[in-house]
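Structure first, then comments.
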Amino acid sequence: MTTCHGLTELTTRHHTHLSVRIRDELEEKGQRIQHPDMMIAGVARSLNAPLVTADSGFERIDGIEIHNHREMF
């Protein structure tokens, strides 16, 4: 990993590979995903981290736990 201004850059080859795999999985279902969302989903999946978002489009991606912050509290 590289650092930029003291912050660890999370974009690695592994994250990118999983991002592309997510795009391919959705395209096989006839669905599209925006590039930024694809990258966010790839990082979440690679880290096995939950994703906190109100964007319901992420719910169609397998292997990611989604938490809607509007419904949490």
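Every number here is computed from the coordinates shown, using simple stated rules; none is lab data. Remember, predicted model here, so these are calculated numbers, not experimental data. Reconstructed Cβ throughout: ideal geometry from the backbone, glycine too, with neighbour counts over all protein chains shown.
Tally up the residues in region 19-73 that are assigned to a loop (DSSP other than H, G, I, E, B), hydrophobic (A, V, I, L, M, F, W, C) and under 11 Å from the mean Cα position of the chain (by Cα), please. Working first, answer last.
The initial filter retains those residues of region 19-73 that are assigned to a loop (DSSP other than H, G, I, E, B), namely 29-34, 48-50, 53-55, 61-65, 68, 73.
After this cut, where a residue has to be hydrophobic (A, V, I, L, M, F, W, C) as well, the list is 33, 49, 54, 61, 64, 73.
Among the residues that remain, those that are also under 11 Å from the mean Cα position of the chain (by Cα) are: 33, 49, 61, 64.
Residues that pass the stated criteria total 4.
Across region 16-60, what is the number of residues that are exposed (fewer than 12 other Cβ atoms within 10 Å of the Cβ), farther than 23 Å from residue 70 by Cβ and in contact with a helix residue (DSSP H, G or I) (Cβ under 6 Å, 6 or more places away or on another chain)?
Qualifying residue count, region 16-60: 0.
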